[in-house]
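None of the figures in this text is laboratory data; all of them are computed from the coordinates on show. All figures in this text were calculated on a predicted structure; none of them were measured in a lab. No Cβ is skipped: glycine too gets one built from the backbone with ideal geometry, and neighbour counts run over all protein chains shown.
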Amino acid sequence: MVGRSLFLEDLEIGQVWTGGPVEMTEADIVRFAREYDPQPMHVDAEVAAKGRFGGLIASGWHVASVVMREFVDAAPFGDTPLLGLKVDDLQWRSAVRPGDRLSIRREIIDIRRSDSKPDRGVLTMRMTVTNQRGEVAMSFVNLIQIPARPGDSAA
């Protein structure tokens, strides 16, 4: 469900949104990996059991895609159009396994109105993905372009 549309002026450093849980199933892990990251630890449970992870794990790109899908579905900014500009410091910190339930924390760590285009600005958000045990599975910093409220392009 889309909530109230949020614009640059509506946001504050320190604002947090949470999402999930998103359950990672074996079928989804294998399906994604077969198409996009067909390494044995992602697609072959028997081979994965003998490998360094001791079992099947999700591709990090799968985890990133699930987080993006959850963000789009949750629509924390309503129907305000957003544009991803950059991802920094992407880290896959612990393996995601079948049955894991992922929760996502999104925190605004910086807000800056554009000097050259004052009808928009850039949010810097820290994304942290944890499993049901509270272990960080993935983290990154995301720069997102967001429009200013229509008619409000004051500096």
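Selection of region 53-104 for residues being among the hydrophobic types (A, V, I, L, M, F, W, C), touching a helix residue (DSSP H, G or I) at 6+ places or on another chain (Cβ under 9 Å) and in a helix (DSSP H, G or I) yields W61, V66. When V96 is tested against (1) touching a residue at least 60 places away in the same chain (Cβ under 8 Å); (2) hydrophobic (A, V, I, L, M, F, W, C); (3) touching a Lys or Arg at 6+ places or on another chain (Cβ under 9 Å), exactly one condition is not met: (3). A single entry from V63, V136, V72, V87 fulfils the requirement of being touching a residue at least 60 places away in the same chain (Cβ under 8 Å) and hydrophobic (A, V, I, L, M, F, W, C): V63. Just one of (1) over 18 Å from the mean Cα position of the chain (by Cα); (2) of a type outside the set (S, T, Y); (3) surrounded by fewer than 15 Cβ atoms within 10 Å (Cβ to Cβ) fails for V16. It is (1). What do you reckon, is V66 within 12 Å of the chain's Cα centre (by Cα), among the hydrophobic types (A, V, I, L, M, F, W, C) and over 25 Å from R4 (Cα atoms)? When the stated conditions are applied, V66 does not pass them. When each of I144, I109 is tested for being hydrophobic (A, V, I, L, M, F, W, C), under 24 Å from S59 (Cβ atoms) and out of contact with any helix residue (DSSP H, G or I) (no Cβ under 9 Å at 6 or more places or on another chain), the lone residue that passes is I144. If the condition is being touching a strand residue (DSSP E or B) at 6+ places or on another chain (Cβ under 7 Å) and among the acidic types (D, E), then region 40-83 contributes only E70.
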